[in-house]
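The values are calculated or read from the model by the stated rules, or taken from the named source; none is laboratory data. This is a predicted model, so every value here is computed, not measured. Quick reminder, even Gly has a Cβ in these numbers, built from the backbone with ideal geometry, and neighbours come from all protein chains shown.
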Amino acid sequence: MAIKLFDSMSRETRELRPENPDGVFRFYNCGLTVYAAGHIGNFRTFVVNDVLRRLFELEFPGKVKHVRNITDVDDRTIAQARAEKRPLAEITRKWTELFHADCVALNCLPPHVEPTATGHIREQVDMIDVLMRKGNAYRTADGSVYFKISSFPDYGALSRIKERELKVTNSVFDADHKDDLGDFALWKAYKPEEDGDVRWPGPPSAAEGRPGWHIECSAMVKKHLGETIDLHTGGVDLLFPHHENEIAQSQCCNGTTFARHWYHSEHLLVESTKMSKSKGNYFTLGELVEKGYSPMALRYALLSGHPRKQLNFTLDSLHAADSALKALKRFSDGLGVPPKGQGEPPSTLFEPVFRALTDDLNTPGALGALFTLVNATDPAKAQPGDRAAFERVLYALGLDLGALGSPGASAGPPAAVESLAARRWESKRAKDFATADRLRAELAAAGWSMLDGKEGYRLEPLKKA
Ligand SMILES: [Zn+2]
C-alpha cells in the first residue's frame, strides 16, 4: 500500500517513504497559535493531518516521528495577554489546554513531540546567528534582524510568487527599517509599548526582543527531526509567506534540502463564505458541542470533502455525518465482537477504502467506498477477518464509534477526559472555582459533562439537544 500524495513544491502526486538511513518517516505539521480557541477551519487541517499520521503508522509501523509545534509567542498572543492584563504564559497555557482537549475529543493522535516557541528561544537565536554570519541576515538600526531575500536565489519556489507581489505583500511591516521591502523579520527588537514584559536576550549584536514567527518552525524541525524531513504540512494559508520563509531560513542555515515533500490542505468555508465572527458563521468545537453536535460528527464532516479542495461546512452536514456514524455503529454491532484469543488477520473486504486514502488522501472517496461496502454486506454473514478489516478502516479514519454517546455504547471516557475531570474535582475541593469552571468548559468541548455529588463525580457524554 504505497501512500501517494500531492506535493505542493513539484506539483506532482508522489509516493511518500522514509528516506533517511534510519528508516524513520519524519513528519512536521505547523500547529496552533494559542491566543484563542482553535476554530473548525484550524481543525480541518489537524483532522486531515491525523488521517495522514494514521496511514503512516499503518505503513511504517514503529517508524514514524510526528512533530507539531505550539506558537506561544507572537503579535497575537502578546496582544491577548496585554488585553487581559495577565502573564503571556498564563494565557497560552489556558488555550493550549483547550486545544489538547479539542484534539482528544476529535480523536486526533497526539504528536510524538509538541515543542513550543518559548521553549526553543536558544535554538532560534542560534539559527539567526548562523544566518547573520553566513550573510543571509542583517541587523537594522533598532537591533532587529531581517532575512535578506536576495541572498537566497530559490526564494519563491514553493509559492511561485513574483518579486513585485512579494514587495507588496511583505512591505507592510517596518518598511523604513529594511534594506529591501521583501525581507522578513527573524528577530524583533523589544518595544515596551507593545511587548510588555515579553523579551529575551537576542543574537550577538542584536537587541533584546523576541523571535519573528517563521524562525520557530525552522529551529524546531532541526532540533527534533533533523536538517531534512520527509513531509512538511499545514493549511494552505501558511504556504506563503510562512513556509516559503521556513525553506529560506533552513536551507541557508543548513545548506541542504529542508523538506522532500510539501502538502497543504485547503480552506474551510462555512455556509459558503469565509468564517468571520461578524458574519456569525465562526465556530469552535465547544460551540458546536453546546449546540448538541458530537465531536465525532464534526470529524466525519471535515473528512467528507477532498482535503485539497475548499470544503463548504454547514450545520446540515453535521446531521448527515451523525446519521452516517450511526449506520456504521449498527454495522459494527452487527459484526459482533470476536471471541478473545481468536484474532483473525484482516480480510481484504475494505481494500477500496485504503485505495482511495492512499491515492492523494481522497477522504470523500474512502467514505463513499466504505458505505458502498457496508450497504452491500450483511454483517451477520461476515467472513473471518472482516471485523479486523473494519476496525482497521475505523483506525485509519480515526472514527471512534464508542464516542457517539448512543445508548448501549460501552466505551467509557478517554483517558484525557478522565484526567481533566480529576483535575477539576481537585480544583473544586481546593475552592479554586475559576480553574474548576475552566476545566468544566474543556470537558464540555471534549463532549462530556461532569455531574458532581458530595463524595465524588460521574462523567456522562453530552446528549444532543
Ligand atoms: Zn510553521
Checking 109, 58, 52 in turn, the sole residue that is over 23 Å from residue 197 (Cβ atoms) and part of a loop (DSSP other than H, G, I, E, B) turns out to be 109
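Answer yes if at least one residue in the stretch 14-22 is within 16 Å of the ligand (Cβ to nearest atom), buried (at least 22 other Cβ atoms within 10 Å of the Cβ) and at pLDDT 95 or above, and no otherwise.
Taking every residue of the stretch 14-22 in turn, none turns out to be within 16 Å of the ligand (Cβ to nearest atom), buried (at least 22 other Cβ atoms within 10 Å of the Cβ) and at pLDDT 95 or above.
Could you list, in sequence order, all residues of the stretch 104-120 that are more than 16 Å from the ligand (Cβ to nearest atom) and touching a residue at least 60 places away in the same chain (Cβ under 8 Å)?
Here is the first cut: in the stretch 104-120, the ones more than 16 Å from the ligand (Cβ to nearest atom) are 104-110, 112.
104, 105, 106, 107, 108, 109, listed by residue number.
So, in the stretch 254-271, how many residues would count as being more than 17 Å from residue 26 (Cβ to Cβ) and either within 13 Å of the ligand (Cβ to nearest atom) or out of contact with any Phe, Trp or Tyr (no Cβ under 6 Å at 6 or more places or on another chain) (or both)?
So in the stretch 254-271, the residues more than 17 Å from residue 26 (Cβ to Cβ) come out as 255, 264-271.
Subsequent filtering for residues that are either within 13 Å of the ligand (Cβ to nearest atom) or out of contact with any Phe, Trp or Tyr (no Cβ under 6 Å at 6 or more places or on another chain) (or both) retains 255, 264-267, 269, 271.
Adding up the residues that qualify gives 7.
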Looking at the stretch 233-242, which of the residues that are assigned to a helix (DSSP H, G or I) and out of contact with any Leu (no Cβ under 9 Å at 6 or more places or on another chain) is farthest from the ligand (Cβ to nearest atom)?
236
Any chance the stretch 89-103 includes a residue that's away from the ligand (no atom under 16 Å from the Cβ), more than 18 Å from the chain's Cα centre (by Cα), farther than 25 Å from residue 157 by Cβ and not in a helix (DSSP H, G or I)?
no
For the stretch 216-229, how many residues meet the condition of being within 10 Å of the ligand (Cβ to nearest atom) and among the hydrophobic types (A, V, I, L, M, F, W, C)?
3
Quickly run through the stretch 141-176 and pick out the residues that are aliphatic (A, V, I, L, M), at pLDDT below 90 and surrounded by fewer than 18 Cβ atoms within 10 Å (Cβ to Cβ).
168, 172, 175
Identify, from the list 225, 181, the residue that is at pLDDT 95 or above and either closer than 25 Å to residue 237 by Cβ or of a type in the set (Gly, Ala, Ser) (or both).
225
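To keep it simple, each residue is scored yes or no on (1) touching a residue at least 24 places away in the same chain (Cβ under 8 Å); (2) in the same structural domain as residue 92 (by TED's automatic domain parsing); (3) away from the ligand (no atom under 16 Å from the Cβ).
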residue	(1), (2), (3)
195	yes, yes, yes
204	yes, yes, yes
207	yes, yes, yes
231	yes, yes, no
244	yes, yes, no
251	yes, yes, no
274	no, no, yes
285	yes, no, yes
305	yes, no, yes
